[in-house]
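Below you'll find the structure, written out as structure tokens, and then a few comments.
The values are calculated or read from the model by the stated rules, or taken from the named source; none is laboratory data. Remember, predicted model here, so these are calculated numbers, not experimental data. Backbone-built Cβ (ideal geometry, glycine too); neighbour counts: all protein chains shown. We work out accessible area using only protein heavy atoms, side chains counted, and drop any ligands, DNA or RNA first. Shrake-Rupley method; radii C 1.70, N 1.55, O 1.52, S 1.80 Å.
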Amino acid sequence: MAIFETLTLAERARQLGNPEGAVGLAVADWLNENNKQANANTVASLGIEAGNRVLEIGGGSGRTVPDVISQAEDVHYTGIDISPTMVEEASRFNAAMVTAGRASFHLGSAECMPFTDDSFDRIFSIGVIHFWTDPVVALAEVRRVLRPGGSMLMGCLAPQDAPDFARPEYGFRLRDSDAWDALCRGAGFVSVKAETLESEQLTPSGAPTKRYMIRLAARV
Ligand SMILES: C[S@@+](CC[C@H](N)C(=O)[O-])C[C@H]1O[C@@H](n2cnc3c(N)ncnc32)[C@H](O)[C@@H]1O
């Protein structure tokens, strides 16, 4: 049995929102398997071009880095995450890329990022924005660090049939596509497209179940 299923609902939510210690690393392994397809699809859809600077928000243990960097020549990856355990693991896993100057990892939150204006060509994030307590502040930050003409792509849980652990009392703030659309437009993004995608996944016991994800795309 994966360690994730041995945790209480509250502990699952806590470890997903800020993975910590050995349990956090095990949850990150579980996530890497679970979100592999969503991450691959997102990176492939970003339209990364040669020389692009790409930011991932809440990249966890940094397993998307090789895929991001191989999308085009001379791409640079930057990751920011609130979890010291994840920043340390992402830096360890991608040590060669860090040494080569192709990747860097930062401890910090989407709501207050240590980057200058217009720093990135592409920004993406999977499974993170449903933890944002103040999406207005976070989206303003994303817009600030995204250069004019740049684009962002984010995915998160939708309210429909959400997993048991994704509750407000555990820190999840699930919003539907209309709410995300309005928040993005309010933050000044253009070409906003927020949609709910349906997919079939297996529950921990192996039974197929429907999952609903928000896919949020926008440009500056
Ligand atoms: C559910 S995990 C998703 C990890 C990875 N994106 C994936 O798909 O496997 C959420 C990650 O976002 C980070 N996180 C949560 N809130 C954040 C915030 N406000 N700013 C930056 N990172 C955040 C957590 O520490 C955690 O590593």
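Restricting to DSSP H runs of at least four residues, report the calculated mean residue ellipticity at 222 nm for the chain, -39500 (n - 2.57) per run over all residues, nearest 500 deg cm²/dmol.
-10000 deg cm²/dmol, from helical runs alone.
If one computes P(r) from the Cα atoms of the chain, what percent of pairs lie at distances over 25 Å?
So the portion of pairs separated by more than 25 Å is 35 percent.
Assign one of three labels to the range 33-116, namely rounded, prolate or oblate, based on the Cα gyration tensor with a ≥ b ≥ c the square roots of its eigenvalues; rounded applies when a/c is under 1.5, prolate when it is not and a/b is larger than b/c, and oblate otherwise.
rounded
What does the charge add up to near residue 183, with Lys and Arg as +1, Asp and Glu as -1, over the other residues with Cβ less than 12 Å from its Cβ?
Counting the neighbours of residue 183, the net charge comes to 0.
Residue 197 to residue 219: extension gain in nm, 0.36 nm per residue of separation minus the Cα-Cα distance?
5.9 nm
Report the extension gain between residue 32 and residue 107 in nm, rounded to one decimal, defined as 0.36 nm multiplied by the number of residues separating them, less their alpha carbon distance.
Full extension from residue 32 to residue 107 adds 25.0 nm.
Taking the DSSP beta bridges in the range 3-219 as the whole, what percent of them are antiparallel, to the nearest 5?
50 percent
Karplus couplings for the range 74-81 from phi (6.51 cos²θ - 1.76 cosθ + 1.60, θ = phi - 60°), rounded to Hz, Gly and Pro as x?
6, 8, 10, 9, 10, x, 10, 8
Rounded, prolate or oblate: pick one for the range 102-166, where a ≥ b ≥ c are the square roots of the eigenvalues of its C-alpha gyration tensor, a/c under 1.5 means rounded, and failing that, prolate if a/b is larger than b/c, else oblate.
Judged from the Cα gyration tensor, the range 102-166 comes out prolate (a/c at least 1.5, a/b above b/c).
Counting only heavy atoms of protein chains, what accessible area per residue, in Å², does the chain have with a probe of 1.4 Å?
Averaged over the residues of the chain, the accessible area is 46 Å².
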